[in-house]
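Undergrad: Attaching a single structure in structure tokens format; questions to follow.
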Amino acid sequence: MTPAPITISLLELFRIGPGPSSSHTVGPMRAAARFRSHCLARGITPARLQVELQGSLSATGHGHGTDRAVLAGLCGDEPETCDVDALQRLPDTLRDDPHIDWGGVTVRLHPDDVVFRSLREVPTASLAHPNTLVLRAFDAAGSLQHEESVCSVGGGFVLSAELIGQPVVRDREPKIPFHNGDSLLAASHRTGLSIGEIVLQNDREWHPDLDEQLDRIVAAFRDCVARGLRTRGELPGGLGVVRRAGALLRRLDAGQVEGSWSPIARAQAYAYAINEENAAGGRVVTAPTNGAAGIFPAVLLEAADRLQLDRARIHRAIGTGAAIAMVIKTHASLSGAEVGCQGEVGSATAMAAAALCEILGGTPDQVENAAEIGLEHNLGLTCDPIRGLVQAPCIERNAMGVAKAWSAAQLSLHAEGRGVVSLDRVIRVMRRTGHDMHTDYKETSTGGLAVSLPEC
């Protein structure tokens, strides 16, 4: 029996929204907005709302801004269009006036209505997914009117708890179906299309305006880099992390970086810019997550400008990166709370390596091998952000991912023959490694670097 084809859309992988986390900020906001729309559609006007954060959402939710994200979603905000400055102030706004508009009537909502359940109260092992939130609406008598249990599964994707593990259903099958890395390569050999072209053809069946949507994503990449490069000062959260992106680029432009390293150094400055914006709660693009948002666009934009890539080649590179993320998401995870940072920075590195390899003329086999190398050398990478802030080690880790992506692309382009390990095999190993990884090292801030900083 032929496995079901992957039906994830490219546009679901590259989502525009506020930082600092796709799974802890973008996903919960989308879940809360969806809950609101479901209630309104049912004619439910609650007297009181409550959101219960469980698992990793509770453990690192304060540092990731999960509380303000769900408050914003209940107000009707969406990640792509929300006012990121107002989002930062929202908890204070609701403390001063705990009321929101609910379809033309006023409903009470206070920051204390977001409840953080500790890992002791709700063990992660008892959850359908480590990132779970339960949303409830109550009437004036305190009776439950409506409840939804939702999982934020990484990259801004949200699913009802009962749908975890089930494939996405679409009204049309992919034009060129594939279900894993090997079948993706086989499809490329059979059709003569590149990996990126296969994804673009599939997505155009679902999104006739795909090219305009991709232009919007590229513009968001560039806007984020520009903001990150020009903004100075200290990132919020109390760690004392100073923005470095602009300084890195100024040193490069002043000739203080060794010439052969300059393309990588420029891409690393871009990665810093994006991830500093993300850490500050600015608007970024998941690629495939917010925590790893800097690697893919940094490598892409540097190559696009230096090599003067046209629109079609840029779009094809995005399709190539998306193909790798689709296979990883289907057979493992993009979620740091589920498999550690190998699912975030590891996946982003593989995406960037594959895209760069294709940009530089790599064959489909070399592209697949570049992705495998990029992912393989992030196996076991833990997710242990200090104080739950997506700053240390996350920002530097994205810059290192840029260098690894470059290395993986070059190794694949200049190696003889196909590598010993296939992309599918390394994805299976990544999944197994993530399952074996102790919970302390999967976005709970209870182990590793997250507990290495003394607090007085």
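The values are calculated or read from the model by the stated rules, or taken from the named source; none is laboratory data. From a predicted model like this one, the values you see are computed outputs, not experimental measurements. Glycine also receives a Cβ, built like all others from the backbone with ideal geometry; neighbour counts cover every protein chain displayed.
Undergrad: Can you tell me how many residues within the stretch 130-144 are in contact with a strand residue (DSSP E or B) (Cβ under 7 Å, 6 or more places away or on another chain) and either aromatic (Phe, Trp, Tyr) or surrounded by fewer than 17 Cβ atoms within 10 Å (Cβ to Cβ) (or both)?
TA: 3
Undergrad: So for the stretch 378-391 (the condition being of a type in the set (Asp, Glu) and either touching a strand residue (DSSP E or B) at 6+ places or on another chain (Cβ under 9 Å) or over 19 Å from Ala279 (Cβ atoms) (or both)), does at least one residue qualify?
TA: Scanning the stretch 378-391, I find at least one residue that is of a type in the set (Asp, Glu) and either touching a strand residue (DSSP E or B) at 6+ places or on another chain (Cβ under 9 Å) or over 19 Å from Ala279 (Cβ atoms) (or both), so the answer is yes.
Undergrad: Can you pull out the residues in the stretch 189-206 that are farther than 21 Å from Gln366 by Cβ, of a type outside the set (D, E, K, R) and crowded, with 20+ Cβ neighbours inside 10 Å?
TA: Within the stretch 189-206, just Asn202 meets the criteria.
Undergrad: Are any of the residues in the stretch 74-81 under 20 Å from Gly388 (Cα atoms), among the small types (Gly, Ala, Ser) and outside the structural domain of Pro385 (by TED's automatic domain parsing)?
TA: No, every residue in the stretch 74-81 fails to be under 20 Å from Gly388 (Cα atoms), among the small types (Gly, Ala, Ser) and outside the structural domain of Pro385 (by TED's automatic domain parsing).
Undergrad: Name every residue in the stretch 327-342 that is within 23 Å of Pro3 (Cα to Cα) and not in a loop (DSSP other than H, G, I, E, B), in order of residue number.
TA: Val327, Ile328, Lys329, Thr330, His331, listed by residue number.
Undergrad: Scan the stretch 29-45 and give yes if some residue there is touching a strand residue (DSSP E or B) at 6+ places or on another chain (Cβ under 7 Å), among the polar types (S, T, N, Q), assigned to a loop (DSSP other than H, G, I, E, B) and under 30 Å from Ser143 (Cα atoms), otherwise no.
TA: yes
Undergrad: Of all residues in the stretch 283-309, which are more than 12 Å from the chain's Cα centre (by Cα), touching a residue at least 60 places away in the same chain (Cβ under 8 Å) and surrounded by 24 or more Cβ atoms within 10 Å (Cβ to Cβ)?
TA: Pro297, Ala298, Val299, Leu300
Undergrad: Looking for whichever is of a type in the set (Gly, Ala, Ser), free of Cβ contacts under 8 Å to residues at least 12 places away in the same chain and out of contact with any helix residue (DSSP H, G or I) (no Cβ under 8 Å at 6 or more places or on another chain) here; the options are Ala280, Ala247. Which one fits?
TA: When all the criteria are applied, what remains is Ala247.
Undergrad: Answer with yes or no whether Ser152 is buried (at least 18 other Cβ atoms within 10 Å of the Cβ), part of a helix (DSSP H, G or I) and among the small types (Gly, Ala, Ser).
TA: No, not satisfied.
Undergrad: Looking at this structure, is Ala323 in contact (Cβ under 8 Å) with a residue 24 or more places away in the chain, part of a helix (DSSP H, G or I) and farther than 29 Å from Gly192 by Cα?
TA: Spelling it out, it is not the case that Ala323 is in contact (Cβ under 8 Å) with a residue 24 or more places away in the chain, part of a helix (DSSP H, G or I) and farther than 29 Å from Gly192 by Cα.
Undergrad: Another one. Here is a list of conditions, (1) farther than 25 Å from Ala355 by Cβ; (2) not assigned by TED's automatic domain parsing to the domain that holds Thr66, and Gly192 meets all of them except one; can you say which number that is?
TA: (1)
Undergrad: Let me ask something additional. I need every pair where a residue in the stretch 406-424 that is touching a residue at least 60 places away in the same chain (Cβ under 8 Å) has its Cβ under 7 Å from the Cβ of a residue that is assigned to a loop (DSSP other than H, G, I, E, B) and buried (at least 18 other Cβ atoms within 10 Å of the Cβ), sequence separation at least 6 or different chains.
TA: Here the result reads Asp424/Asn180, each pair linking the stretch 406-424 to a residue that is assigned to a loop (DSSP other than H, G, I, E, B) and buried (at least 18 other Cβ atoms within 10 Å of the Cβ).
Undergrad: Kindly indicate which of Ala312, Ala317 is crowded, with 24+ Cβ neighbours inside 10 Å and part of a helix (DSSP H, G or I).
TA: Sole residue among the options that is crowded, with 24+ Cβ neighbours inside 10 Å and part of a helix (DSSP H, G or I): Ala317.
Undergrad: Here is a list: Asp223, Asp215, Asp209. Which entry is surrounded by 15 or more Cβ atoms within 10 Å (Cβ to Cβ), under 27 Å from His315 (Cα atoms), at pLDDT 95 or above and in the same structural domain as Val284 (by TED's automatic domain parsing)?
TA: It is Asp223.
Every residue, every condition in (1) crowded, with 17+ Cβ neighbours inside 10 Å; (2) in the same structural domain as Pro208 (by TED's automatic domain parsing); (3) among the basic types (Lys, Arg), yes or no:
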| position | (1), (2), (3) |
| --- | --- |
| Leu10 | yes, no, no |
| His24 | yes, no, no |
| Ala59 | yes, no, no |
| Arg68 | yes, no, yes |
| Arg89 | no, no, yes |
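Undergrad: Which of the numbered conditions does Glu162 fail, given that it passes all the others? Conditions: (1) surrounded by 14 or more Cβ atoms within 10 Å (Cβ to Cβ); (2) closer than 30 Å to Val70 by Cα.
TA: Glu162 satisfies every listed condition except (1).
Undergrad: Being surrounded by 12 or more Cβ atoms within 10 Å (Cβ to Cβ) and free of Cβ contacts under 8 Å to residues at least 40 places away in the same chain is the filter; apply it to the stretch 254-265 and report the residue that is nearest to Asn398 (Cα to Cα).
TA: Ala265
Undergrad: Inspect the stretch 135-144 for any residue being within 16 Å of Ala323 (Cα to Cα) and either in the same structural domain as Gly340 (by TED's automatic domain parsing) or in contact (Cβ under 8 Å) with a residue 24 or more places away in the chain (or both) and give the result as yes or no.
TA: No, because not a single residue in the stretch 135-144 is within 16 Å of Ala323 (Cα to Cα) and either in the same structural domain as Gly340 (by TED's automatic domain parsing) or in contact (Cβ under 8 Å) with a residue 24 or more places away in the chain (or both).
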